[in-house]
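To keep things clear, I will list the structure first and then write my remarks on it.
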Amino acid sequence: MESDEDNCKEKINGQIKTMKLYSHVDRIYNELRELGYDATAPLRVSDVSKVDQYHYHGTQSIDEAIRKLGINSSMRILDVGSGIGGPARYLSTVTGCEVVAAELQADLHRTAEDLTSRCDLGKTVKHVCADFTQTDLGSGAFHMIVSWLVFLHIPDKDKLFQQCYDHLKPTGTMYIEDLFCKGVFLEEEYTHLQTGVFCTNLPTKDAYASQLAKVGFINIEFDDVTEDWKSFVHQRYLDYQANRARHVRVHGEVVYTEQVEFYGVIDKLFQGGHLGGCKIVAKK
């Protein structure tokens, strides 16, 4: 018999697929075939990481987090909203740390488990399919929490941040890359955020810091990277369209159309001037 939590997860899983980035998850396998891998071949993280990062600037962003936080092999890291596992696998490979990768969407979770197994990282990367806001993954069990472009999807920020705080060890650190509200959204922009980005509660900079402090976080650093991300998403949109023939050959017309639609929505939102991007570090 399904629990209330299972029913809630199923509902959210269905709703979030309005965000086209998360549809056709198996497109990662099309990219791997382009790299010369068949459906069961062992994988090299150095190859997979070229195509398994959903966030901005790929592994460059993870390298920045590693340097800033001093992540090393002695640490246990929690990746909240881990997607198909790209950041978790890269983190573990580069630093030797242990990563628990929590992902709500079952299809992303299954794909992540498969890719991690084929990368022979099962001993250091553990995948969990769960709603993090409803799940105890170990109170005070993690040196650090990391998350790339996920918190925007979670409306109950108070509960989310409390969970993060509770899962960190004393003096633990959280690193977030996320979107935030820089100004009042137009009605069309708000509709795009709700349906195209699965985002209904986007805090301002001040609200973000206030909500983190409310649950006990200290030494909060808020880095506004809006201009950089604005340029990134615009160029991504142009490049994807310029390579239409390649993408249709590899993925088919439907996948191309959905991806270019999503990239266009994000580009339009950033160009509108009301959507911002940030990198946040906070200490317990």
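The values are calculated or read from the model by the stated rules, or taken from the named source; none is laboratory data. Just so it is clear, the structure is predicted and the values come from calculations on it, not from any experiment. Don't worry about glycine lacking a Cβ; one is built from the backbone with ideal geometry, like all the others, and counts go over all protein chains shown. When the accessible area is computed, the model is the full protein with side chains, heavy atoms only, and any ligands, DNA or RNA have been set aside. Shrake-Rupley method; radii C 1.70, N 1.55, O 1.52, S 1.80 Å.
Quick notes on this structure:
- Average accessible surface area per residue within the chain, 1.4 Å rolling probe, Å²: 44
- Net charge contributed by nearby residues that have their C-beta within less than 9 Å of residue 141 (K/R +1, D/E -1): +2
- Exceeding the 21 Å Cα-Cα cut-off - candidates 126/283; 214/279; 159/205: 126/283
- Prolate/oblate/rounded call for the chain, Cα gyration tensor, a/c under 1.5 rounded: rounded
- Trypsin sites (Lys or Arg not before Pro) restricted to region 114-145 and DSSP loop, no more than 14 other C-beta within 10 Å: 123
- The chain, dipole about Cα centre (Lys/Arg Cβ +1, Asp/Glu Cβ -1), debye to the nearest 20: 640
- Gyration tensor (alpha-carbon) shape descriptor, region 103-258, a/c threshold 1.5: oblate
- Label-point separation, residue 283 to residue 40 (7 Å along Cα→Cβ), nm: 5.1
- Solvent-accessible area, 1.4 Å probe, carbon plus sulfur percent, for the chain: 50
- Gyration tensor (alpha-carbon) shape descriptor, region 69-132, a/c threshold 1.5: oblate
- Part-to-part distance (alpha-carbon centres) for region 169-207 and region 96-158, which is given in Å: 20
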